[in-house]
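Chemist: Please read through the structure below; I'll follow up with questions.
The values are calculated or read from the model by the stated rules, or taken from the named source; none is laboratory data. Here the structure is a predicted model, which is why all the values come from computation and not from measurement. Backbone-built Cβ (ideal geometry, glycine too); neighbour counts: all protein chains shown.
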Amino acid sequence: MNNVFVYCEMEDQRIADVSLEIISRGRALANEIDVKLEVICLGHKLNGVEKELFEYGVEIVHKADDKCLNPYLTMPHASLVATIFEKEKPRIGLFGATSVGRDLAPRIASKLKCGLTADCTELVIGDYLDRKTKQTYQDLLLQRRPAFGGNIIATIVTPDTLPQLATVREGVMKKEKVANPRKGKVKTYNPEEFLDQSDLVVKVIERHIEENKLNIKNSSIIVAGGYGVGSKENFEILFELADTLGGDVGGSRAAVDAGFIGRERQIGQTGITVRPKLYIACGISGQIQHRAGMENSAMIISINNDAEAPINKIADYVIIGDLNKVVPQMIKSYKENIA
Amino acid sequence: MKGLKIIVLAKQVPDTRNVGKDAMKADGTVNRSALPAIFNPEDLQALEQALRIKDQIPETTVTTITMGPVRAANIIREALYRGADDGVLITDRRFAGSDTLATSYALSLAAKKIGKFDLIVCGRQAIDGDTAQVGPQVAEKLGIPQVTYVEEILEVNKKKITVKRRLENGVETLVAPYPLLLTVHGSAPECRSRNAKLLMKFKHACTPAELVREAEDYLRLHDLHDYLDITEWNVDDLNADLTWLGLKGSPTKVQRVENIVFTVKESIQVKPDKEGIDGLMKELIAHHNVG
């Protein structure tokens, strides 16, 4: 009762990175309010999945293993998660802000008639004063998220209903194993007992998941291009720079929308959030939506022909000039100077 | 046998994509009046999917539901101009302050009142909130399954629909029977433009609240043509329970809002010539930022 729950997303037999990130954050939140950390893990052939979860400080794993749970489908997962929540009455419930989590969490919130905050980038425990009733609520989950197209950061609370539900952006929280992992408990569920025929009417007939999923998120060097790159062909020089430096290529939403680069490389509020050692922004003006996805980079270099581009204000180095000349020169200089 | 009965859920939103300097007030709140009110882009794409089904299956009807102030009737008209058959505006001061849970409650009541629908189609999310919650929550409240992030309808008949949905790292094809709710992803095709004939036909379509403000010859026009009446429902029409509406029915509260003021770093200007870039790359290598 009253514990922190995380819905653990499975990619076949592998635990999704985003889930481990949230579990790590969930561990810290549970410590702060002195409750247990529990995880719900639904899928097929999940043998031994708990071992990895225990390493991240999970104390109880709720597990259901059945063919009908993989690949993910809304209804069976929603029915099981809602059943477990109704029984266990969590204080906090966290999901990844992924295509799975954003599909699942609202259904749970609607079923349990509780609050849900989407796409959180920060979760902390804190107090809330209701200005109207002058009532103070202690130890609530303060859920921070960009809102209004990324122009504001809102802190959302759900003072009167439990569980406090949130989906959390991938890449914003740090994945961390605990120092002294302990073996926790496993509770298994038989889906047949909980699922109705009506939960199984939608069927997956085909799936194409890109196997070698791009891993820009974990790349320590990112060369990103914006609308200012001008064309798909011009992006080639960015790929060359990324190859030379051992990094990856990303793009702003404007570049993706213009078809210069694939959507899977989109960095920003509606794409991936990254925090590399080095971020080289080429022809990116730096709208707030883009900055939300990269401003935590350790070092930022901006190459732009517009001295007034907003991104220059958060860059450590600014090169005002034509990127079609600057980038080749960077490649050349690097090759000449690397030992 | 008749065609399908389709409901499109659409929202009027401030255009957050083109936020200018005057969009934020000094106190950090949003100056909504400085932003144009538009048809939420993904909802417009959802309308297109509904119209494509209507093109394919004869006798299919498309009804738009929107919730908002009186001016949100523009959304209903925009949908009529593109081929929707009719529309309902849900409007009442008592809805004010509704979060996604309260909104989905109101929308689900409207869908129930319309009744016997096969398909509900809406955008994945609205650009002023980006929560993607209302679609799935409406589906849950109606007790029907959902398929989110639909990019394309591959096959549709009177019994079932096959759709392609867009995931962050791939695509999936699903088949589902009715009743069903679909949310449409931004990668789906754009909506067709207004049809000139429909524009002429429906340009005077309005809700009862709008109609009282109009001149007399206009009222006569409405007497002659029923299709010009946009249905308007309030809390009582929907028989809604006030505990689930507005601020009271909204479990999420905004504790505080910060305008994003990003800290200005001391940037170092690098000359775009060989010497400048050489210097920069040497520094990056020396400090192990690269290599």
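Chemist: Of everything in the range B:159-190, what is within 21 Å of the chain's Cα centre (by Cα) and in contact (Cβ under 8 Å) with a residue 60 or more places away in the chain? Give them in sequence order.
Modeler: If the condition is that a residue be within 21 Å of the chain's Cα centre (by Cα) and in contact (Cβ under 8 Å) with a residue 60 or more places away in the chain, then B:P179, B:L180, B:L181, B:L182, B:T183, B:V184, B:H185, B:G186, B:A188, B:P189, B:E190 are the ones that fit.
Chemist: Across the range A:288-307, what is the number of residues that are more than 9 Å from chain B (Cβ to nearest Cβ) and buried (at least 21 other Cβ atoms within 10 Å of the Cβ)?
Modeler: 5
Chemist: How many residues, within the range A:267-287, are within 8 Å of chain B (Cβ to nearest Cβ) and either among the acidic types (D, E) or buried (at least 20 other Cβ atoms within 10 Å of the Cβ) (or both)?
Modeler: Of the residues in the range A:267-287, 3 are within 8 Å of chain B (Cβ to nearest Cβ) and either among the acidic types (D, E) or buried (at least 20 other Cβ atoms within 10 Å of the Cβ) (or both).
Chemist: Within the range B:161-176, restricting attention to residues that are more than 7 Å from every other protein chain (Cβ to nearest Cβ) and closer than 15 Å to A:R263 by Cα, which residue is modelled with the lowest pLDDT?
Modeler: The extreme case among them is B:R166.
Chemist: Look through the range B:139-151, keep the residues that are more than 8 Å from every other protein chain (Cβ to nearest Cβ) and closer than 11 Å to B:T183 by Cα, and return whichever of them is surrounded by the fewest Cβ atoms within 10 Å (Cβ to Cβ).
Modeler: Top of the filtered list is B:E151.
Chemist: Here's something else I'd like to know. Being under 25 Å from B:A106 (Cα atoms), surrounded by fewer than 20 Cβ atoms within 10 Å (Cβ to Cβ) and either out of contact with any Ser or Thr (no Cβ under 8 Å at 6 or more places or on another chain) or away from chain B (no Cβ under 13 Å) (or both): is that true of A:E52 here?
Modeler: no
Chemist: Could you list, in sequence order, the residues of the range A:83-96 that are under 23 Å from A:D199 (Cα atoms) and either surrounded by fewer than 24 Cβ atoms within 10 Å (Cβ to Cβ) or at the interface with chain B (Cβ under 8 Å from one of its Cβ atoms) (or both)?
Modeler: Of all residues in the range A:83-96, those under 23 Å from A:D199 (Cα atoms) come to A:83-89, A:93-96.
Selection gives A:T83, A:I84, A:F85, A:E86, A:K87, A:E88, A:K89.
Chemist: Another one. Can you work out which of the residues in the range A:230-260 that are touching a Lys or Arg at 6+ places or on another chain (Cβ under 7 Å) and more than 14 Å from chain B (Cβ to nearest Cβ) is nearest to A:I338 (Cα to Cα)?
Modeler: Filtering first and then ranking leaves A:V249.
Chemist: Only one of (1) free of Cβ contacts under 8 Å to residues at least 24 places away in the same chain; (2) among the aromatic types (F, W, Y); (3) over 25 Å from A:Q269 (Cβ atoms) fails for A:F148. Which number is that?
Modeler: (3)
Chemist: Moving on to the next point. When B:G279 is evaluated against the numbered criteria (1) over 30 Å from A:L323 (Cα atoms); (2) part of a helix (DSSP H, G or I), which criterion, by number, is the only one it fails?
Modeler: (1)
Chemist: Within the range A:127-161, track down each residue that is buried (at least 19 other Cβ atoms within 10 Å of the Cβ), over 19 Å from the mean Cα position of the chain (by Cα) and more than 7 Å from every other protein chain (Cβ to nearest Cβ).
Modeler: Residue satisfying the conditions is A:L140 alone.
Chemist: Considering the range A:308-339 alone, what residues qualify as being at the interface with chain B (Cβ under 9 Å from one of its Cβ atoms) and assigned to a loop (DSSP other than H, G, I, E, B)?
Modeler: A:A315, A:D316, A:G321, A:D322, A:I338, A:A339
Chemist: Restricting attention to the range B:196-214, does a residue exist that is within 14 Å of chain A (Cβ to nearest Cβ) and assigned to a strand (DSSP E or B)? So that I can check it myself, show each step before the final result.
Modeler: As a first pass, look at the range B:196-214 and keep what is within 14 Å of chain A (Cβ to nearest Cβ): none.
No - not one qualifying residue is present in the range B:196-214.
Chemist: Looking at A:E206, A:E233, which one is in a loop (DSSP other than H, G, I, E, B) and acidic (D, E)?
Modeler: The match here is A:E233.
Chemist: Determine which single condition A:E206 fails, assuming it passes every other condition in (1) of a type in the set (D, E, K, R); (2) touching a residue at least 12 places away in the same chain (Cβ under 8 Å); (3) within 14 Å of another protein chain (Cβ to nearest Cβ).
Modeler: With (1) of a type in the set (D, E, K, R); (2) touching a residue at least 12 places away in the same chain (Cβ under 8 Å); (3) within 14 Å of another protein chain (Cβ to nearest Cβ) applied to A:E206, the lone miss is (2).
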